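This report concerns only the one structure given below.
The values are calculated or read from the model by the stated rules, or taken from the named source; none is laboratory data. Keep in mind the model is a prediction, meaning the values are calculated, not measured. Positions of Cβ are backbone-derived with ideal geometry, glycine not excepted, and every protein chain shown enters the neighbour counts. Keep in mind that these areas ignore ligands, DNA and RNA; they rest on the heavy atoms of the full protein, side chains included. Shrake-Rupley method; radii C 1.70, N 1.55, O 1.52, S 1.80 Å.
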Amino acid sequence: MNIPLEDGATDIIGKAQRGLGLDDAELAIKARLSEEDLATARQVKGAPFANVEKLARALELGPRALVAIAEGTYQPAVTPPKTGFLSFNTTYGDMTVNAYLVWDPQTGLAAVFDTGADCAPIVEAISKNDLTLQDVYLTHTHVDHVVELDRLLEKVGGSVGVHVSESEALDKAATFRPGVTFSLGKLHIETRDTAGHSAGGTTYHIHGLDRPLAIVGDALFAGSVGGIKSDYRGSLKKIADNILSSQDGTVIAPGHGPLTTVVQEKTHNPFFPGFRRPEAQNI
């Protein structure tokens, strides 16, 4: 399934502007652009690159990465784990949302990460692959990610643990402090704090599949980030430290949009220009 990027260039600009707390007048001054040139630069595609660069720098974004997204030339290419991993993309209102199924190929023990808007495909995959659902892990508790929790537990039956960060407690879920590691058969699930989009936003690093995997919720999207509600720069640092610091080939499984990898986001995500190699600093 070819899932489009979650955000376009104007979405990215809006998220950065809100995160930095700049109104239009302040942004024009910081970017050293007239109001007319600022309006043109916001469109990115077709605007003079010098003005786009001024706008991007004022917003602490990578200008060439921003242009690539505006022109539709960035779409991550990903080889997911060969076994033990499935992704599900379901429709919620006017958007789509992702959920994931991970299992230990040796024992058949499985975990679901978020529920999506329709758990039926997940339940079907559990049955088809003869798996035993051991746990449900929530990246955060926004409704589009947990709406099917009760139905999922009912359909699967048995004793299933539900886990969520202590900063975002939810009925039926046991809370944890990010930093703990869970086991799933021979797999290990490392939890890291990536709060910002939500108070308890958590990234789950899965160790033991044939490719390293990070399930990140709405902390990070291919080419963008989730809307950051508080501590903008601090939240971006958490993403850099707790997701993008992983090995380059790590598959990133976000809450919306397509799969991506650490190296592709370090190279192509406008929000993280500081991660780029010296020869690529203008990306």
Exercise for the section: Of the options PHE176, TYR204, GLY161, report the single residue whose Cα projects farthest towards the positive end of the charge dipole of the stretch 126-283 (beta-carbon charges: Lys, Arg +1; Asp, Glu -1). Expected result: TYR204
Problem - Length-normalised contact order of the chain in % [C-alpha pairs under 8 Å, at least 6 apart] - result: 18
Fill in the blank from the handout: Computed curve, the stretch 54-103, Cα-only Debye sum without solvent term, log₁₀ I(q)/I(0) at 0.18, 0.24, 0.32 Å⁻¹, is -0.84, -0.90, -1.09
Exercise for the section: Check cross-link reach from LYS229 to the aspartates and glutamates: straight Cα distance under 13 Å, and skip same-chain residues fewer than eight apart. Expected result: ASP218
Handout entry: Additional length obtainable on full extension of the chain from VAL263 to ALA174, 0.36 nm per residue less Cα span
Key = 28.7 nm
Fill in the blank from the handout: Label model pair ASN2, LYS229: point-to-point distance (7 angstrom along the Cα→beta-carbon line) in nm is 3.5
Problem - Whole-Å semi-axes of the stretch 197-283's equivalent ellipsoid (Cα gyration tensor) - result: 18, 18, 11
Exercise for the section: Could you point to the residue in ILE122, ASN98, LEU187 farthest towards the positive end of the stretch 34-188's charge dipole, with +1 and -1 charges on the Cβ of Lys/Arg and Asp/Glu respectively? Expected result: LEU187
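Rounded to the nearest whole Å², what accessible area per residue is found for the stretch 1-95 with the 1.4 Å probe? Present the calculation step by step, with values, prior to reporting the outcome.
On the way: 5180 Å² over 95 residues.
Normalised by residue count, the accessible surface of the stretch 1-95 is 55 Å².
Suppose we look only past 25 Å in the calculated P(r) of the stretch 115-259. What percent of the Cα-Cα pairs does that tail hold?
On the way: 2615 of 10440 pairs.
Percentage above 25 Å: 25.
Applying 1/(1 + (r/R0)^6) with R0 = 41 Å to the Cβ-Cβ distance of SER183 and GLU71, what FRET efficiency is obtained, to the nearest 0.05? Don't skip to the end; give the middle numbers.
Details: r = 45 Å, r/R0 = 1.09.
Computed FRET efficiency for SER183 and GLU71: 0.40.
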Exercise for the section: Evaluate the Debye formula for the stretch 1-61 with equal point scatterers sitting on the alpha carbons, no solvent, and hand back log10 of I(q)/I(0) at q = 0.13, 0.15, 0.21 Å⁻¹, in q order, two decimals. Expected result: -0.32, -0.42, -0.75
Problem - the stretch 84-188: C-alpha gyration tensor shape, a/c 1.5 cut-off, then a/b vs b/c - result: oblate
Fill in the blank from the handout: For ARG192 the rounded accessible area (nearest 10 Å², probe 1.4 Å, non-protein molecules ignored) is 50
